[in-house]
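Each value in this text was obtained by applying a stated rule to the coordinates, not by laboratory testing. In this text the structure is predicted, and so the values were computed from the model without any measurement. All Cβ positions, glycine included, derive from the backbone under ideal geometry; neighbour counts span all protein chains shown.
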Amino acid sequence: MALDPSASRPVDAGIELPAAGTEIRCLGAWTVGAVAPLERRLAALRWPSGPDLVLDGGGISAMDTAGAWLLLHIVRLLEQGGRRVTLRDLRAEHESLLGLVRARGPAAGAPGRPAGPGTLEAIGRRFWLGWQQVIGGLAFLGEAALAVLHSLARPARIRWRPVLYNLHTAGFNALPITGLLSFLMGVVIAYQGAGQLQRYGANIFVADLVGLSMLRELAPLLTAIIVAGRSGSAFAAQIGTMKMTEEVDALRTIGIAPMELLVLPKILALMIALPLLTVYADVLGVFGGMLMGRAQLGVGFEQFIDRFEDAITLSSYLVGLGKAPVFAAIIALVGCFQGFQVSGGADSVGRQTTVSVVQSIFLVIIADALFSVIFSWLKI
Amino acid sequence: MTVAQTEAPAGAPIVEIAHLSTRFGAALVHDDISLEIRRGEIFALVGSSGCGKSTLLREIILLQRPAAGSIRVFGREVVGLDDEQALPLRRKWGVMFERGALFSSLTVSENVGLPLREHTRLSDGLIDELAAIKIALAGLPASAGAKYPNELSGGMRKRVALARALALDPELLFLDEPTAGLDPLSASGFDELVLSLKELLGLTMMIVTHDLDLLWRVADRVAVLGEGHVLGVGTMEQLSGSDHPLVREYFYGARGRAARDQAWKQR
């Protein structure tokens, strides 16, 4: 093996204390990779007791700014103990490096990083931030509502290309996952219900069970949650990144309202796509229940559909479908709002994207609960 | 920048590129390029946009692999090294990226201290102090240390990027477009900074740049890249006497002339 001098690791920095006398010898490589052991030993060293000490730097084989700073640190440490320190035999280049760190380094006893806020202040700050979010969210909602009204007044100004693009990505591309999950949901409900229904010989009521639960509750909710995870997060990340790279500001300077180009098409597209996806989820969910009904309960397809027609009123279907546009508006608004909340760097994009998904799912479920209350009050 | 590690005398090659070729799909970016960077010099790589300067830099620092040829850094072949094998080399060089590439979730001081925290076992206090030295060396006020990158101006961000590149006291420093996007005052401040770093710390530097003023003021040797080849290597005086049409165009355009006149006036 060829001997590469630069590859052989230099001896770590070290200090040799005299048994008697006042001469301390510095040895080895005082470089950034080799001073760590010495630094850790420093506190435990028993320095000679004399008032005048000599540091002999002749044994230092290499030095960089880290080593020079540590040497300076040692000199200052000794001087603080009331001793006079003389440096000797230091090579000229090491001497100049020492001068450099003495001139540029932080002053001895310079304040470290400022302490973080206290508990009370932290609580206050969190509350204030939360409050600002609420106010900001309301302002955004108002702005979006105004933009919607404006574009309703002048429909020619609606940008159809981004609407179609969003319909494609948020709607069409979500078909496979939405279909699969609601199919499985239908299967699971029928399967779970099968045992109970069989006990009472009420096999045929599997159509009521699957139909009502899918159409009224599960299909709209499941679809909304999938879309919030798929598209709400994408909206937040896209707008957040655009804000970070000043693309949003660029739009403003060109005279295009970001609201009009970025937010409105998303709201519109999602409000069209989510009801359609919900219908699709209804169909596949009921189909899943139907398959399971035949396999587990011996309810044939024709029987199932006959019962389904009797059991499920049009209002059940419409109740489920009617929630979808509201959920869509919530998801799109929260996603876009959190995107605009991005400030600073990549970190912030990640944080706001997470917040957008959590918030939109939370709000969708709250809205769903409110719908239930209202519908039972209206006796639908 | 380790002053006493002079195993190789000044002037010995520290980076050797031999018969290097790079392709992007069908396009041949570098066609049989050979270059060397010598210890202790400031070597600049110039050429029109898209001629493969930054690609060459990325190949030297192991971010990209050439199609053919060899690159030796500190006497060691780097083409084909995996990340683990490359680590000892990477600790010996510092890279300043064109747009800073600062970590936005860390403060300036944490950005500069990150390589130290990652690769040494020094105490946190010492790392903070070393970071403060590097921040001061890069010409920033001490108060910059507690700020986040997005609170800084473009020029300050470049200086932080430089401070981070200096964190591990590298012997070799790569600067990608260090003055791009700076106002003339900050840019000439950067010229001074590069010169003083070379003088104080004995660094070898490779600079990829378009800045003719920077070239005239700091570069010891310059290589002009174009049409996939090295069109010329030499001092700025030698290159401005070149009769290759592309090199002449580069140095005798309106901007080239102004920078040269300025350089002559200062001598």
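Tell me whether segment A:58-169 comes out rounded, prolate or oblate; compute the Cα gyration tensor, take square roots of the eigenvalues as a ≥ b ≥ c, and use a/c under 1.5 as the rounded threshold. If you can, show how the numbers build up before the last one.
Values: a/c = 6.41, a/b = 2.73, b/c = 2.34.
It comes out prolate by the Cα gyration axes.
Are there GluC sites (Glu not before Pro) in segment A:230-334 that DSSP marks as loop and that have at most 13 other Cβ atoms within 10 Å, and which are they?
Values: sites: A:Glu246, A:Glu247, A:Glu260, A:Glu302, A:Glu309; in loops: A:Glu246.
Filter output for segment A:230-334: A:Glu246.
Taking the alpha-carbon set of segment A:310-380, what are its Rg and Dmax in Å?
16.5, 58
Please give the average number of partner chain Cβ atoms lying within 10 Å of the Cβ of each residue in A:93-101, rounded to a whole number.
On the way: counts 4, 2, 0, 4, 7, 0, 1, 6, 5.
Whole-number average of other-chain Cβ neighbours for A:93-101 is 3.
Across 5 Å bins from the origin, how do the percents of Cα pairs in segment A:14-104 run, short distances first?
3, 14, 26, 28, 20, 8, 1, 0
Taking each residue in A:64-76, count the Cβ atoms of any other chain within 10 Å of its Cβ, then average. What number comes out? Write out the running numbers ahead of the final one.
Working: counts 11, 12, 13, 4, 3, 5, 4, 0, 1, 3, 0, 0, 0.
That works out to 4 on average.
Give the Debye-formula value of log10 I(q)/I(0) at each listed q (0.16, 0.17 Å⁻¹), with one equal scatterer per alpha carbon of segment A:112-253, two decimals each.
Debye curve over Cα of segment A:112-253, log10 I(q)/I(0) at q = 0.16, 0.17 Å⁻¹: -1.06, -1.12.
Step by step: find N for the protein assembly as shown, compute 2.2 N^0.38 Å, then divide the Cα radius of gyration by it. What's the final number?
On the way: Rg = 34.2 Å, N = 647, 2.2 N^0.38 = 25.7 Å.
That works out to 1.33 for the protein assembly as shown.
Using a Cα-Cα cut-off of under 20 Å, which aspartates and glutamates could be cross-linked to A:Lys379, ignoring same-chain neighbours fewer than 8 residues away?
The qualifying aspartates and glutamates are A:Asp208, A:Glu217, A:Asp310, A:Asp368.
Who wins for biggest fluctuation among A:Ala281, A:Ala174, A:Ala68 in a Gaussian network model of chain A, springs between alpha carbons below 10 Å?
Result: A:Ala68 has the largest fluctuation of those listed.
Which order, highest average first, do A:190-198, B:109-117 follow once you tally other Cβ atoms within 10 Å for each residue and take the mean per peptide?
Output ranking for A:190-198, B:109-117: B:109-117, A:190-198.
What is the dipole size for chain B, taken about its Cα centre, with +1 at each Lys and Arg Cβ and -1 at each Asp and Glu Cβ, in debye to the nearest 20? Walk me through the intermediate numbers first.
Working: 29 positive and 34 negative charges, 53 e Å.
The dipole magnitude comes to about 260 debye.
Using 0.36 nm times the number of residues separating A:Arg84 and A:Trp131, minus their current alpha carbon distance, what extension gain do you get? Intermediate results must be reported in sequence, preceding the final value.
Numbers: separation 47, 0.36 × 47 = 16.92 nm, distance 5.89 nm.
Additional length available on full extension: 11.0 nm.
Measure of size requested: the Rg and Dmax of segment B:119-192, with Cα atoms as the atom set and Å as the unit; please supply both.
Spelled out, the Cα radius of gyration and Dmax of segment B:119-192 are 12.9, 40 Å.
Enumerate the amide H contacts of B:Val95 below 5 Å, restricted to partners 5 or more residues apart or on another chain; note that Pro and chain-start residues carry no placed amide H.
B:Phe174
Taking amide H positions as placed 1.01 Å from N in the peptide plane, with prolines and chain starts having none, which residues 5 or more places from B:Val230, or on another chain, fall under 5 Å of its amide H?
B:Ser34
Given the alpha-carbon gyration tensor of chain A, what are the semi-axes of its equivalent ellipsoid in whole angstrom, ordered largest first, with each equal to the square root of 5 times an eigenvalue?
Values: eigenvalues 1022, 161, 81 Å².
In descending order the semi-axes read 71, 28, 20 Å.
Once both axes come from the Cα atoms, what is the angle between helix B:154-165 and the longest principal axis of chain B, in degrees from 0 to 90, rounded to 10?
The two axes meet at around 80 degrees.
How large is the dipole of the protein assembly as shown about the Cα centre if only Lys and Arg carry +1 and Asp and Glu carry -1, each at its Cβ, rounded to the nearest 20 debye?
On the way: 59 positive and 61 negative charges, 228 e Å.
Dipole about the Cα centre, nearest 20: 1100 debye.
For a footprinting-style exposure proxy, rank A:Val326, B:Val46, B:Val194 by other Cβ within 10 Å, fewest first. Present the calculation step by step, with values, prior to reporting the outcome.
On the way: A:Val326 19, B:Val46 27, B:Val194 23.
The fewest-first ordering by Cβ neighbours comes to A:Val326, B:Val194, B:Val46.
Measure off 7 Å from each Cα along the Cα-to-Cβ vector at A:Ile256 and A:Asp52, then give the distance between these two points in nanometres to one decimal.
Computed distance between label sites A:Ile256 and A:Asp52 equals 7.9 nm.
Determine how many Å³ per residue the convex hull of the Cα atoms of chain B encloses.
Details: hull volume 37.0 nm³, N = 267.
Cα convex hull per residue, to the nearest whole number: 138 Å³.
Report the Cα centroid-to-centroid distance between segment A:82-97 and segment B:221-253 in angstrom, as an integer.
The two parts, judged by their Cα centres, are 46 Å apart.
Beyond a 31 Å Cα-Cα separation, which of these cross-linked pairs lie in this structure: A:Lys266/B:Lys53; B:Lys53/B:Lys158; B:Lys92/B:Lys265?
Over 31 Å apart, Cα to Cα: A:Lys266/B:Lys53; B:Lys92/B:Lys265.
Place +1 on the Cβ of every Lys and Arg and -1 on the Cβ of every Asp and Glu in chain A, take the dipole about the Cα centre, and give the residue among A:Ser96, A:Gly288, A:Thr169 whose Cα lies farthest towards its positive end.
A:Ser96
With +1 on each Lys and Arg Cβ and -1 on each Asp and Glu Cβ, how big is the dipole of segment B:103-169 about its Cα centre, in debye rounded to the nearest 20?
Values: 8 positive and 7 negative charges, 53 e Å.
With Lys and Arg at +1 and Asp and Glu at -1, about 260 debye.
Restricting to Cα pairs below 8 Å that are 6+ residues apart, what does the relative contact order work out to for chain A? Please round to a whole percent. Can you show the working numbers first?
On the way: 489 pairs, mean separation 63.1, N = 380.
Relative contact order of chain A: 17 percent.
State, as an integer percentage, the relative contact order of segment B:103-169 based on alpha-carbon contacts under 8 Å between residues 6 or more apart.
Values: 81 pairs, mean separation 31.1, N = 67.
Relative contact order here is 46 percent.
If contacts are Cα pairs under 8 angstrom and at least 6 residues apart, what is the relative contact order of segment B:108-261 in percent? Can you show the working numbers first?
Values: 176 pairs, mean separation 25.2, N = 154.
Once divided by the residue count of segment B:108-261, the mean separation gives 16 percent.
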